[in-house]
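Below: one structure, written as structure tokens.
The values are calculated or read from the model by the stated rules, or taken from the named source; none is laboratory data. Here the structure is a predicted model, which means the values were calculated and not measured. Note that we place each Cβ from the backbone using ideal geometry, even for glycine, and neighbour counts take in every protein chain shown.
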Amino acid sequence: RNSIPIAQKIQNTSGTVTCVDLLDSALTKLQTYSKEHGVFEVIKIEKAAIENYYIQPDTYDYIVAVSSLEHVKSEEDLTNVLH
């Protein structure tokens, strides 16, 4: 729900939106919706559990972690991934 509007905003730049989700169904829906909204080329999907997703240092300008805390064991686990 947040990735499409962000992708639309950066569509005419060299940026991309990386979306991480554990569910195949969520990623499939995102691919469908991104095609419908004309931002398929801007969105990159990654299948992973949040606590197992490695964020390479200096890779992203912004990280938006919407509805992420309820999918990890603790706030500390989420903080560890984001740092």
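Consider region 27-48. How many of its residues are loosely packed, with under 14 Cβ neighbours inside 10 Å, assigned to a helix (DSSP H, G or I) and small (Gly, Ala, Ser)?
Residues in region 27-48 being loosely packed, with under 14 Cβ neighbours inside 10 Å, assigned to a helix (DSSP H, G or I) and small (Gly, Ala, Ser): 0 in total.
Quick one: would you say Asn2 is within 24 Å of Val81 (Cα to Cα), touching a residue at least 12 places away in the same chain (Cβ under 8 Å) and not β-branched (Val, Ile, Thr)? Let's see the steps before the verdict.
Working: within 24 Å of Val81 (Cα to Cα): yes; touching a residue at least 12 places away in the same chain (Cβ under 8 Å): yes; not β-branched (Val, Ile, Thr): yes.
In short, yes.
Sort out which residues of region 56-83 are among the hydroxyl-bearing types (Ser, Thr, Tyr) and more than 14 Å from Ile10 (Cβ to Cβ), and write them in order of number.
As a first pass, look at region 56-83 and keep what is among the hydroxyl-bearing types (Ser, Thr, Tyr): 59-60, 62, 67-68, 74, 79.
Within region 56-83, Thr59, Ser67, Ser68, Ser74, Thr79 meet the criteria.
Only one of Leu23, Leu30 is in contact with an Asp or Glu (Cβ under 9 Å, 6 or more places away or on another chain), of a type in the set (A, V, I, L, M, F, W, C) and over 20 Å from Thr79 (Cβ atoms). Can you tell me which?
Numbers: Leu23 fails: in contact with an Asp or Glu (Cβ under 9 Å, 6 or more places away or on another chain).
The conditions single out Leu30.
Pairs needed: first member in region 27-55, closer than 20 Å to Gln11 by Cβ; second member anywhere, among the aromatic types (Phe, Trp, Tyr); C-beta distance under 6 Å; at least 6 residues apart or different chains.
Ser34/Phe40
Go through the residues of region 26-42 one by one and say whether even a single one is among the hydrophobic types (A, V, I, L, M, F, W, C) and touching a Leu at 6+ places or on another chain (Cβ under 8 Å). Before you say what the answer is, go through the steps one by one.
In the first step, residues of region 26-42 are kept if they are among the hydrophobic types (A, V, I, L, M, F, W, C); the result is 26-27, 30, 39-40, 42.
Filter once more, keeping what is touching a Leu at 6+ places or on another chain (Cβ under 8 Å): none.
No: region 26-42 contains no residue that is among the hydrophobic types (A, V, I, L, M, F, W, C) and touching a Leu at 6+ places or on another chain (Cβ under 8 Å).
Would you pick out the residues in region 11-20 that are more than 21 Å from Tyr53 (Cβ to Cβ) and either among the aliphatic types (A, V, I, L, M) or surrounded by 14 or more Cβ atoms within 10 Å (Cβ to Cβ) (or both)? Please lay out each step first, then the result.
First pass over region 11-20, keeping only residues more than 21 Å from Tyr53 (Cβ to Cβ): 11-14.
Scanning region 11-20 gives a single hit, Gln11.
Of the numbered conditions (1) farther than 20 Å from Arg1 by Cα; (2) among the acidic types (Asp, Glu); (3) at pLDDT below 90, Glu70 satisfies every one except a single condition; which is it?
(1)
Scan region 49-73 for residues that are at negative phi, assigned to a loop (DSSP other than H, G, I, E, B) and not hydroxyl-bearing (Ser, Thr, Tyr) and jot them down. Steps first, answer last, please.
First, pick out the residues of region 49-73 that are at negative phi: 49-57, 59-66, 68-73.
If we keep only those that are assigned to a loop (DSSP other than H, G, I, E, B) as well, we get 49, 53-57, 59-66, 68, 72-73.
Correct list: Ala49, Ile55, Gln56, Pro57, Asp61, Ile63, Val64, Ala65, Val66, Val72, Lys73.
Going by the conditions given, is Asp77 among the acidic types (Asp, Glu), at pLDDT below 90 and surrounded by 12 or more Cβ atoms within 10 Å (Cβ to Cβ)?
Details: among the acidic types (Asp, Glu): yes; at pLDDT below 90: yes; surrounded by 12 or more Cβ atoms within 10 Å (Cβ to Cβ): yes.
Considered against the rule, which asks whether it is among the acidic types (Asp, Glu), at pLDDT below 90 and surrounded by 12 or more Cβ atoms within 10 Å (Cβ to Cβ), Asp77 comes out as yes.
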